[in-house]
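Please read the structure below before turning to the comments.
Where a number appears in this text, it was derived from the coordinates with a stated rule and is not lab data. All figures in this text were calculated on a predicted structure; none of them were measured in a lab. FYI the Cβ positions are ideal-geometry reconstructions off the backbone, even for glycines, and counts take in every protein chain you see.
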Amino acid sequence: MSRDLSRRTKLVLYGVLLVLAIPFVFPTWWMVTSSLKPVADIFAFPPDLLPTNPRLDAYRRVFELQPFGQQYLNSLYIALVVTVGTLAVSALAGYAFARIRFRGQNVLFLVVLAGLLIPSEVTIVPLFQMFFKLGLVNTHWPLILVPIFGAPSVLATFIMRQFFISLPGELEEAARVDGLGRFATFWRIALPLSRPALGAVAIFTFLHSWNLYLEPIVFLSSPEKFTLPQALTQFVDAYGGPMWDVQLAAASMTALPVLVVFVIAQKQFVEGLAHTGLKG
C-alpha cells in the first residue's frame, strides 16, 4: 500500500514538474523548430509544434551571409582561454585569501569584492581608452583580459575562497610535516580537492564569456573578429529588418554548446555551489 502511494506521489510530482518546465522548454523548442520553417509559418497562431515541411535553407544562409564559422571559433577559443585563465587566477587568489594570513587581509578582500558592485557599463569607456592607447582595439585581447581580471574573476575568487576555508587545517599540517612548501601544498593537496568548486567556476565563466555582448560591440569592428552574440545582430535585410529564419538558425547553433555544457556538468555545478556555501 505504501509503495503504491509512493509511486502515485512520484507520478504527481513528476507531472507537476513537467507542467512547470513548459514555460522554460517551449521557447527553446520554438526557436529550433522555427528555424526549419519558412518565414511565413514562423509566427503562425497557434504555433505548430513541428514544422510541416522542414528545410535547412536558413542554416545554409547563415554561413553565406556572415563568416559564421570563423565567428563560432572566435567565441569558442575566447571562452576556453578565459575559463582557463579565470580558474588559474581565482584558485591562486582564493587559496591566498583563505589559508595565508597577512596584514590587511580582510580589508583587501572587501576591496576585491567591491569590484562586484561596479557595473561593467561604468568601466567600459576607461577600458576602451586604455586598450586604444595600447593598440589592442579590434583584437580579442580585451575580451580575454577584462573577464580574467575583472568582476567575473572576483566572483570566482570568492567561490574558491569559500571552498578552501572549508578544508580541514590538518591537511596543511600533515603536508608541512612531509616537507611540502606553500605552493606544493596548494598544487598537490588543496587544488585536487577543489574539483567541485573548479567545476562550478568553469561552467559559469564559460557561459559568461560565451554570452558576452557589450564588450564585443565596443572593442570589435571587423566581421571576421566578431563573437557570436555580436554576429547574431548582423542578420538583417536591406531595410534593416530581421531575417527571422536565419536569425533563429544562428541562435539555435549558438545555444547548442551552452545546453551541452550545462546538461553534462550540471551535477558538478550544484556540488560546487553546495561546497562553497552558496546553495540556497
Worksheet item: To the nearest µm²/s, what D does Stokes-Einstein give for region 180-232 at 25 °C and 0.890 mPa s, using the Kirkwood radius over alpha carbon pairs as Rh?
Response: 178
Discussion item. Can you tell me the convex hull volume per residue for the chain, based on C-alpha atoms, in Å³ to the nearest whole number?
Written reply: 202
Worksheet item: What number, in percent, do you get for the relative contact order of region 7-59 if the mean sequence gap of Cα pairs under 8 Å and at least 6 apart is divided by its residue count?
Response: 33
Discussion item. Relative contact order of region 66-234, please, whole-number percent, based on alpha carbon pairs below 8 angstrom and at least 6 residues apart.
Written reply: 46
Worksheet item: Considering only Ser35, Val25, Ala58, whose Cα is most displaced toward the positive end of the charge dipole of region 7-59, charges sitting on Cβ of Lys, Arg (+1) and Asp, Glu (-1)?
Response: Val25
Practice prompt. Run the quick spin-label model on Arg101 and Trp30: label points 7 Å from Cα toward the beta carbon, then report their separation in nm to one decimal.
Written response: 5.9
Discussion item. What is the distance in Å between the Cα centroid of region 35-110 and that of region 190-229?
Written reply: 7
Practice prompt. Write down the Å³ per residue value for the convex hull defined by the alpha carbon atoms of region 7-59.
Written response: 101
Worksheet item: Taking each full run of DSSP H in the chain as one helix, which ones are at least 18 Å long along their axis (Cα atoms) and have mean Kyte-Doolittle hydropathy of at least -0.5?
Response: 2-34, 68-99, 120-133, 151-165, 195-210, 244-275
Worksheet item: With r defined as the distance between the Cβ atoms of Val260 and Arg176 and R0 fixed at 51 Å, what FRET efficiency is calculated, to the nearest 0.05?
Response: 0.75
